[in-house]
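Note sheet for the following structure.
The values are calculated or read from the model by the stated rules, or taken from the named source; none is laboratory data. Worth saying up front: this structure is predicted, and the values here are computed from it rather than measured. Note that we place each Cβ from the backbone using ideal geometry, even for glycine, and neighbour counts take in every protein chain shown.
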Amino acid sequence: MARHRRNVSTEAELYAAALRALARRSYSVHEMRQYLEARTDHKPIVRAVLARLRQQTLLDDARYARQFARYRAEVRRQGRYRIARELRARGVADRHIEAALQEIFTATDEAVALRARLERRLRGIHGPLDRKRLAALYRSLLRAGFPAELIRDELRRVAREVAANFAEED
């Protein structure tokens, strides 16, 4: 059961609620608008609080997109497409998304992130690396947002290594 409070009636109370929310995590402007609109029926107050937060640079979609993309690329090892899709879902403008992805993926090689994610997945696979498992790995890496061509190249490399290791054992 979702709890929606619509009991905030002043700008000061709504601003305090916004600060509490921002203390917990970062928000895009769109997300913060939704958060504030769930707490009051007064749209002019919401606009005023959003303007105040932007003026104080507490809300900045460009900075939010950079931080989000950096975390998702470096820590969660997600690809460009997945990061872009999630930022769009959070209401971030395409110009901020493209700038953030350009900045992050010039410093971070997407192929390195793909290899790291693939190696982690391969450690959990027991038994032979057959077509079915390769297809599952392919789908998993596509969902993670990596380009299909890059995935195919890496899976071919892994399949050759596995075949070479298997031939050495015989």
Residue list for the range 131-152, restricted to those being free of Cβ contacts under 8 Å to residues at least 24 places away in the same chain and loosely packed, with under 14 Cβ neighbours inside 10 Å: 131, 132, 135, 136, 139, 148, 149, 152
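Which residue, of 8, 49, is surrounded by 16 or more Cβ atoms within 10 Å (Cβ to Cβ), of a type in the set (Val, Ile, Thr), at pLDDT 95 or above and on the phi < 0 side of the Ramachandran plot?
Details: 8 fails: at pLDDT 95 or above.
Step by step, each of 8, 49 is checked, and only 49 is surrounded by 16 or more Cβ atoms within 10 Å (Cβ to Cβ), of a type in the set (Val, Ile, Thr), at pLDDT 95 or above and on the phi < 0 side of the Ramachandran plot.
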Might you check whether a residue that is surrounded by fewer than 16 Cβ atoms within 10 Å (Cβ to Cβ) and either in the same structural domain as residue 29 (by TED's automatic domain parsing) or closer than 19 Å to residue 115 by Cα (or both) occurs anywhere in the range 78-90? no
Tell me which residues, restricted to the range 16-60, are in contact (Cβ under 8 Å) with a residue 12 or more places away in the chain and of a type in the set (Val, Ile, Thr). 29, 40, 45, 46, 49
Which condition does residue 134 not pass, out of (1) assigned to a helix (DSSP H, G or I); (2) under 19 Å from the mean Cα position of the chain (by Cα), if it passes all the others? (2)
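In this structure, is residue 93 surrounded by fewer than 21 Cβ atoms within 10 Å (Cβ to Cβ), assigned by TED's automatic domain parsing to the domain that holds residue 36 and either under 17 Å from residue 34 (Cβ atoms) or of a type in the set (S, T, N, Q) (or both)?
On the way: surrounded by fewer than 21 Cβ atoms within 10 Å (Cβ to Cβ): yes; assigned by TED's automatic domain parsing to the domain that holds residue 36: no; either under 17 Å from residue 34 (Cβ atoms) or of a type in the set (S, T, N, Q) (or both): yes.
Judged against the criteria, residue 93 is not a match.
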Being within 14 Å of the chain's Cα centre (by Cα) and under 16 Å from residue 145 (Cα atoms): is that true of residue 110 here? no
For the range 80-100, pairs from a residue that is under 11 Å from residue 68 (Cα atoms) and at pLDDT 95 or above to a residue that is among the basic types (Lys, Arg) and buried (at least 16 other Cβ atoms within 10 Å of the Cβ), with Cβ under 6 Å and 6 or more apart or across chains, are 83/72; 100/66
Checked 115, 123, 131 against criteria (under 24 Å from residue 85 (Cα atoms) and not assigned by TED's automatic domain parsing to the domain that holds residue 70); the one match is 115
